[in-house]
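Please read the structure below before turning to the comments.
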Amino acid sequence: MIPPIASRFVAGETSASAFEHARAANDDGVSVILNLLGEHYDDRADADADAAAYEQLVADIADTDLDACVSVKPSQLGLDVGDDAFRANFRRVVEAGREHGVFVWCDMEDATTTDVTLDAFETLAREFDGGVGQCVQANLRRTRDDLDRLVDVPGKIRLVKGAYEEDSDVAYTDKADVNEAFRDDLELLFRKRDDGVAVGSHDPAMISYAKELHDEYGTGFEVQMLMGVRPDAQRELAAEGYDVWQYAPYGDKWLSYFYRRVRERKENALFALRAIAGV
Ligand code: FAD
């Protein structure tokens, strides 16, 4: 069972608990992106099993009236086994999403995976004319060029700052440079797309900038934040009428995800310490 301390960031171990969480978020006006925790499988059977779990998950979401979609990880769907395994499993999940009317996002992992991930996304997004979205990372030096390629691809693009440690030859490593790239990339997305822009950030400055860009270009956009991070802001933005999606992971592989959240920010670590101390 997930201890209360981790349940701020993880929506339980089962899809039933994740649905319960999604229901509560929906009641606050916040839609939910469900992610079954799992990554870096080196056995094809594990990747196939998670692809099958996602097929079932989208069918189950469609049986409810929840505002929910899913997000997969390339290495969860077999990328470490081989490109073909990933492509085949990604296709399975997107086809199931198509059949059941449930949107499918793909997370972006480290920079060695960018090419194959974007190729797979573009193929599926063009073939199915949407229904699928791709995360891109502003910290990568290549992303500006990738966006030039992706701006007219159907579906959605989620811009994030980037969570992976990368070498300085492929990525901006200074925070100010990442923020500047994020702004430039966001401006390009709003200027060139009519809709389908997702701002994957908790940064108030970036969310304000997205609102300004929306006023200027009229582009449809959504704000995406992680479960447990700035929950008040999520509710407030939804109450103001913005389209807010919360990325909510669930599953039995929650421990490493929880540690990542605690390590990455002082606010999250303080929350964990307070929970342990009972204050
Ligand atoms: P930061 O630069 O970390 O912080 C900027 C400001 O935001 C802070 O000064 C503070 O005001 C506010 N803030 C940030 N965190 C907190 C907090 N815990 N509590 C209170 N205020 C806070 N990365 C990937 O590499 N691949 C992915 O596929 C991916 N998917 C993601 C999906 C979603 C929905 C989200 C939200 C993030 C995703 N990320 C992904 C992670 C992302 O790359 C960043 O590492 C992460 O979002 C932190 O950057 P930030 O823009 O939120 O703000």
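The values are calculated or read from the model by the stated rules, or taken from the named source; none is laboratory data. Predicted model, so just to flag it, every value in this text is computed and none were measured. Ideal geometry is used to build each Cβ from the backbone, glycine not excepted, and the neighbour counts take in all protein chains shown. We work out accessible area using only protein heavy atoms, side chains counted, and drop any ligands, DNA or RNA first. Shrake-Rupley method; radii C 1.70, N 1.55, O 1.52, S 1.80 Å.
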message: Checking the cross-link filter: which lysines have an alpha carbon closer than 29 Å to that of residue 156, excluding same-chain neighbours under 8 positions apart?
response: 73, 175, 192, 211, 253
field: Rounded if a/c under 1.5, otherwise prolate or oblate - the chain, Cα gyration tensor axes
entry: rounded
statement: Rounded to a whole %, the carbon-and-sulfur portion of the accessible area of the stretch 4-277 at a 1.4 Å probe is 46 percent
statement: Of all DSSP beta bridges with both partners in the stretch 4-277, the antiparallel percent, nearest 5, is 5 percent
message: Can you give me the accessible area per residue for the chain, using a 1.4 Å probe, in Å²?
response: 45 Å²
task: May I ask which residue of 164, 176, 89 lies farthest towards the positive end of the charge dipole of the stretch 77-196, with charges of +1 (Lys, Arg) and -1 (Asp, Glu) on Cβ and the Cα centre as origin?
output: 89
query: What is the magnitude of the charge dipole of the chain about its Cα centre, with +1 placed on the Cβ of each Lys and Arg, -1 on the Cβ of each Asp and Glu, and no other charges, expressed in debye to the nearest 20?
result: 760 debye
message: Test of understanding: in a Gaussian network model of the chain with alpha carbons linked when under 10 Å, which of 74, 154, 204 would top the mean-square fluctuation ranking?
response: 204
statement: Probe 1.4 Å, all chains present, heavy atoms only: residue 180 accessible area in Å², nearest 10, is 110 Å²
